[in-house]
Amino acid sequence: MSVLKADHISIQFGGLRAVNNFSLEMNEKELFAIIGPNGAGKTTVFNMLTGLYQPTEGAVYVNEKLMTNCKPYQFTEAGLARTFQNIRLFGQATVLDNVKMAQTFRTNYSYYNMLTRTGKYYEEEKRITERSMELLEMFDLQDKRNYFASNLPYGEQRKLEIVRALATDPKVILLDEPAAGMNPNEIDDVITLIRRVREELGKAILIIEHHMKMVMSIAEYIKVLDFGETISEGVPEVVQNDPKVIEAYLGVHVNDSRG
């Protein structure tokens, strides 16, 4: 089943066409990547796929549901979650509470249950806590559950963002530069975790990433953007040898004879 589809989406800001005629279709458990130079339109695509921007042309579907004019929270309800380039945790909340808060819209108790602390409230809170701890353990963050999120090292804050997105129980998760600012060991750790998320939790994953070793090692299919246009797409071996991709990144033609 298709979990995410972009059907010829474009967006224009004033006289600038930031993304033109972008299409993508992902099925369950697929792992795709979008790459391109700075300013290519990658994050703009993510913003259209998650409801932060509305395409001026085309349509987005999440789990085969048309999402035109839907708000970001409705994309989450439909089964999509994302992380951001800039970390957006609740810094003065604990690690555990960051994960628990992500599940509140799927709770099964009423406002009355919460105010009167009924048995249903405690039962649901126990379920949420147990699920949160399972995810934290998967990312080796269980021992930091009572830390304020802002006190975590940078790499662990990045991992907590992924955990929080997973806590919404999405079918597809969009990761915006998950390896940004990490050292080689941390990047290898994130690669392993992304594979586990796909294989053990069954999530489809779409990533934006500048770290080419990471992209080429885990992505099954890659789309390359440059100035808002798709200039190449295919399996990693095809994309990394495409002359248009090499020119976009290096600024020279592959047949350029200059040293």
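The values are calculated or read from the model by the stated rules, or taken from the named source; none is laboratory data. Computed from a prediction, not measured in an experiment: that's the story for all the values here. We place every Cβ from the backbone using ideal geometry, glycine too, and count neighbours over all the protein chains shown.
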Failed item, numbered, when Asn151 is tested on (1) without any contact (Cβ under 8 Å) to a residue 12 or more places away in the chain; (2) touching a helix residue (DSSP H, G or I) at 6+ places or on another chain (Cβ under 9 Å); (3) surrounded by 15 or more Cβ atoms within 10 Å (Cβ to Cβ); (4) not aliphatic (A, V, I, L, M):
(3)
Arg198 meets each of (1) within 21 Å of Leu89 (Cα to Cα); (2) in contact with a Lys or Arg (Cβ under 7 Å, 6 or more places away or on another chain) with one exception, condition (1)
Some residue of the range 3-16 being under 18 Å from the mean Cα position of the chain (by Cα), buried (at least 18 other Cβ atoms within 10 Å of the Cβ) and more than 17 Å from Lys223 (Cα to Cα):
yes
(1) closer than 24 Å to Thr50 by Cβ; (2) modelled with pLDDT of 95 or more; (3) not hydrophobic (A, V, I, L, M, F, W, C) all hold for Asp143 apart from (1)
If the requirement is being under 19 Å from Arg164 (Cβ atoms) and free of Cβ contacts under 8 Å to residues at least 60 places away in the same chain, which of these qualifies: Gly51, Gly58?
Gly51
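Given the criterion among the β-branched types (Val, Ile, Thr) and out of contact with any helix residue (DSSP H, G or I) (no Cβ under 6 Å at 6 or more places or on another chain), identify the matching residue among Val163, Val190. Even if it seems obvious, please write down each step before you answer.
Details: Val163 fails: out of contact with any helix residue (DSSP H, G or I) (no Cβ under 6 Å at 6 or more places or on another chain).
Exactly one residue qualifies, and that residue is Val190.
For every residue, the table says whether it meets (1) closer than 26 Å to Glu200 by Cβ; (2) modelled with pLDDT of 95 or more; (3) in contact with a strand residue (DSSP E or B) (Cβ under 6 Å, 6 or more places away or on another chain).
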| site | (1), (2), (3) |
| --- | --- |
| Ala6 | no, yes, yes |
| Phe13 | no, no, no |
| Met48 | no, yes, yes |
| Asn69 | no, no, no |
| Asn98 | yes, yes, no |
Matching residues in the range 193-219 - criterion: being over 16 Å from the mean Cα position of the chain (by Cα) and closer than 23 Å to Gln240 by Cα
Met212, Lys213, Met216, Ser217
Checking Phe84 against (1) modelled with pLDDT of 95 or more; (2) out of contact with any Leu (no Cβ under 9 Å at 6 or more places or on another chain): exactly one of these is not met. Which one?
(1)
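May I ask you to verify whether Leu115 is over 26 Å from Gly41 (Cα atoms) and touching an Asp or Glu at 6+ places or on another chain (Cβ under 8 Å)?
Values: over 26 Å from Gly41 (Cα atoms): yes; touching an Asp or Glu at 6+ places or on another chain (Cβ under 8 Å): no.
Here the answer is no, as Leu115 does not meet what is asked.
Every residue, every condition in (1) polar (S, T, N, Q); (2) within 24 Å of Thr76 (Cα to Cα); (3) in contact (Cβ under 8 Å) with a residue 24 or more places away in the chain, yes or no:
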position: Phe105; (1), (2), (3): no, yes, yes
position: Met114; (1), (2), (3): no, yes, no
position: Tyr121; (1), (2), (3): no, yes, no
position: Lys126; (1), (2), (3): no, yes, no
position: Thr129; (1), (2), (3): yes, yes, yes
position: Leu135; (1), (2), (3): no, yes, yes
position: Met138; (1), (2), (3): no, yes, yes
position: Tyr147; (1), (2), (3): no, no, yes
